[in-house]
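Working notes for the structure below.
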Protein chains: 2
Amino acid sequence: MASRSPRRLQHDSAVLPADGRRQNLSLVLQALYTGGAMSRADLARRLQLTKVTVSDLVAALIERGQAVELGQSDVVRPGKPATLVDVNRTGLHVVGVDLTAHEVIRAAVLDLDGNVLHRCERALGGSSTGDDVLADVLALVTEAVGLATEPLLGVGVGTPGVVGPDGDVLTAPNLGWTDVPLRALLAEATGLPVLVCNDADAAVHAEYTLGDGGDDLILVKIGLGVGCGLIVAGRRVRGAHFAAGEIGHVTVGTDGGELCSCGNVGCLETWLSAPRLQKALADSGTDTEGPLRAAGERLAIALAPVVAALGLTEVVLAGPHELVDGSLLRAVDETLRRRMLARNASTLEVRVAADADDIVLRGAAVLVLWDQWGVA
Amino acid sequence: MASRSPRRLQHDSAVLPADGRRQNLSLVLQALYTGGAMSRADLARRLQLTKVTVSDLVAALIERGQAVELGQSDVVRPGKPATLVDVNRTGLHVVGVDLTAHEVIRAAVLDLDGNVLHRCERALGGSSTGDDVLADVLALVTEAVGLATEPLLGVGVGTPGVVGPDGDVLTAPNLGWTDVPLRALLAEATGLPVLVCNDADAAVHAEYTLGDGGDDLILVKIGLGVGCGLIVAGRRVRGAHFAAGEIGHVTVGTDGGELCSCGNVGCLETWLSAPRLQKALADSGTDTEGPLRAAGERLAIALAPVVAALGLTEVVLAGPHELVDGSLLRAVDETLRRRMLARNASTLEVRVAADADDIVLRGAAVLVLWDQWGVA
DNA sequence: AGAGTTGGTTAGTAAACTTTACTAACTGAC
DNA sequence: GTCAGTTAGTAAAGTTTACTAACCAACTCT
């Protein structure tokens, strides 16, 4: 019964001392980033490392410009006053790019806490080819990079479509792209570290890192299409073929539905995409409640098995405020609870993403932090 | 917008040199376990470590009895002949325990490849209390431990219900248990490492480690109830409250259904549990196709969003052969493909678990390997 | 002023990997 | 049959990393 097929290793390759060091440096950055400024002694207690080691790690981080000393703590208590250390929050910027929309692509310079400092955008001609769009993206990113007033940690991009592990956009119908090596192109153009991921994945990163929820959440992004990003046990789910989160064309319910562009009937997108919802609202006149409730119920029907199977504690909706935040949200919440075991539903939180307009920009920025610093 | 709530760290605590060492020792065991016997030089090439380091690691493993030298390789080529090293496959045993069934609990002694060597079992009185069952389990495990003819690596237990991270059975209605510290009790009784997990989780471990599929799969276990185990990116999903996989009471479909013991209508279990299926088959006379197809379709309706959202490549069914392997399997396969995007369905494999009767025993054994050796 | 407490550094040590250089043992060609 | 070339494995020395032990610095409290 033994199967000796040459297969996966739990982690791809060995752990060298230097890898441990890198991990510990990340841990310090992470502790500071989420815990705020603290002393070396505080870090030592929190990370279970000795003061000596922490001092050494902090010195390395300061030398690289990733951490800074902030002077003495003014807490009064016996003993030598502590020297506060923090992540270099003000001296580093990040560029975030949101390619979600179809008419206009947007970029911004953000600080490390995800605050937008400068913006720029670019309209796309309605009938542009993939190459045209690509040229626009390059110009936009170059412009954004120029707006930064501090050294840049990197560039993060949230794009619709399926993104490979090396930042290649494998397929993005809305942008007319197939196998575009976006990361490599932007890295060459800017000379900076560049991270590319799906827009819903970017959004869930923002929600996870900048929000204060748990380690198991799903974010559903409602726009032209419907997609989701998943964090399970504090890790992003990418899927075997990097297409995790592609739930827009899952059939939902057992009672038919409208024809979808994919050829099937009753896809989640036919119930829930922003254009269809807006049309449904327009058609229904004054009854805004009905279509929104129906959409929310459909979403919950699809989400219930996912939430139950993964034991998620948070469901977050991101989309046009006027569509998502109201009847739709309430319908999702109620339907979800009705369709799963009460005991599991009791720890469930269903909510709307804060600042949904910028969530992809901010998530893209977080992606850079995650990659460069190992901060989550 | 910064949220500085004191929160999770990516990995709980720092990485010491000794942790790296432990990881590398696991990596060697893993490479040997899945790749079969090979030389130190082969290991060095595969793990990207130097020959020196590998020799050192192998020496440590041999000293602990976890690896053995098998003599010279008989491959003819220039150079000094290689000394083959392998995991100690024959000199170590594992005890696996399956508490799934309600009338009889089973245990076995297995070798490291998951082959069952000796069995024992124990009937449960129909109306036994939780304490009675616990006494039976203790006696059964003691008996199984006595049957081993080689040193035991540990004891693995697959149990229905929700199991906490420390091996406490938080709740298992079928066995009459609430907050039973099963791991601690068995560890004390046997003096061995003991691992406890949910039965469906054990089964998916067996399928993942002993099968030769990918890193993203779901296993649905159909018995008295319905539950599932999930491997995502090579890691088991436990869920925020350790209740991942509890899909039995998710409502499926939009057209009602039968009343479930939980009080809801249309739960997955009402369509799919073994007793209900058997009853449906008995009621339907000669038409065995109908009820089985219906059940399979229901399961697929619930699974489609999960498979799509996670980008899974394998769906495995485990349950009574006569129920699962046939119309039901075909219905799941067909319905699943119909309800998701063709591109994603193309890499999907839907199958029945090999050797479903022993899958929990074998998964429990694998669990011990996973824990003790870091082998997956 | 002195005792106690807390923050941080210096000096030396142990663990774990690397590089470099070696021995051992084989194949294959002349 | 010998010698060049190749592969496996070991030995010795060096580097990185974090640890322990001991210390100094700077504050509060009595």
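The values are calculated or read from the model by the stated rules, or taken from the named source; none is laboratory data. Because the structure is predicted, anything quoted here is derived from the model rather than measured. Neighbour counts are summed over all protein chains in view; Cβ atoms, including those assigned to glycine, are modelled from backbone coordinates with ideal geometry.
Within the stretch B:98-137, work out how many residues are within 14 Å of chain A (Cβ to nearest Cβ) and under 15 Å from B:Val157 (Cα atoms).
Let us first name the residues in the stretch B:98-137 that are within 14 Å of chain A (Cβ to nearest Cβ), namely B:108, B:110-117.
Okay, now just the ones that are also under 15 Å from B:Val157 (Cα atoms), so B:108, B:110, B:114, B:116.
Count: 4.
For residues that are away from chain A (no Cβ under 14 Å) and of a type in the set (A, V, I, L, M, F, W, C), scanning just the stretch B:270-283, find the one that is surrounded by the most Cβ atoms within 10 Å (Cβ to Cβ).
Kept after step one, since they are away from chain A (no Cβ under 14 Å), are these residues of the stretch B:270-283: B:273-283.
Within this subset, residues satisfying the condition of being of a type in the set (A, V, I, L, M, F, W, C) are B:274, B:277, B:280-282.
Working: B:Ala274: 17, B:Leu277: 22, B:Ala280: 17, B:Leu281: 17, B:Ala282: 9.
Selected residue: B:Leu277.
How many residues does the stretch B:192-217 hold that are under 16 Å from B:Leu369 (Cα atoms) and acidic (Asp, Glu)? Working first, answer last.
Quick first cut of the stretch B:192-217, residues under 16 Å from B:Leu369 (Cα atoms) only: B:192-197, B:201-211.
If we keep only those that are acidic (Asp, Glu) as well, we get B:201, B:207.
Of the residues in that region, 2 qualify.
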> Counting only residues that are in a helix (DSSP H, G or I) and of a type in the set (S, T, N, Q), which one in the stretch B:327-376 is nearest to the other protein chains (Cβ to nearest Cβ)?
Replying inline: B:Asn344
>> Out of the residues in the stretch A:273-323 meeting the condition of being in contact with a Ser or Thr (Cβ under 9 Å, 6 or more places away or on another chain) and among the hydroxyl-bearing types (Ser, Thr, Tyr), tell me which one is modelled with the lowest pLDDT.
In response: A:Thr288
> Of the residues that make up the stretch B:198-219, is at least one farther than 23 Å from B:Ser128 by Cβ, touching a Leu at 6+ places or on another chain (Cβ under 7 Å), modelled with pLDDT of 95 or more and assigned to a strand (DSSP E or B)?
Replying inline: yes
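When you scan the stretch B:25-137 for strands (runs of 3 or more DSSP E) that lie fully inside it, which ones turn up with 1 or more residues that are closer than 30 Å to B:Asp199 by Cβ? Steps first, answer last, please.
On the way: elements: B:67-72, B:83-87, B:93-98, B:104-110, B:116-123.
Once the strands (runs of 3 or more DSSP E) in the stretch B:25-137 are filtered for at least 1 residues that are closer than 30 Å to B:Asp199 by Cβ, what remains is B:83-87, B:93-98, B:104-110, B:116-123.
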> In the set B:Pro165, B:Pro160, which member is buried (at least 24 other Cβ atoms within 10 Å of the Cβ), within 17 Å of the chain's Cα centre (by Cα) and more than 11 Å from B:Leu367 (Cβ to Cβ)?
Replying inline: B:Pro160
>> For the stretch B:30-52, which positions are under 26 Å from the mean Cα position of the chain (by Cα) and either surrounded by fewer than 20 Cβ atoms within 10 Å (Cβ to Cβ) or more than 9 Å from chain A (Cβ to nearest Cβ) (or both)?
In response: B:Leu32, B:Gly35, B:Gly36, B:Ala37
> Residue check, B:Thr286 against (1) surrounded by fewer than 24 Cβ atoms within 10 Å (Cβ to Cβ); (2) of a type outside the set (A, V, I, L, M, F, W, C); (3) touching a helix residue (DSSP H, G or I) at 6+ places or on another chain (Cβ under 8 Å); (4) without any contact (Cβ under 8 Å) to a residue 24 or more places away in the chain, all met but one. Which one?
Replying inline: (3)
> Any chance the stretch B:220-240 includes a residue that's buried (at least 24 other Cβ atoms within 10 Å of the Cβ) and in contact with a Phe, Trp or Tyr (Cβ under 6 Å, 6 or more places away or on another chain)?
Replying inline: yes
> Taking the condition farther than 22 Å from B:Leu303 by Cβ, of a type in the set (D, E, K, R) and part of a helix (DSSP H, G or I), does A:Asp287 pass?
Replying inline: no
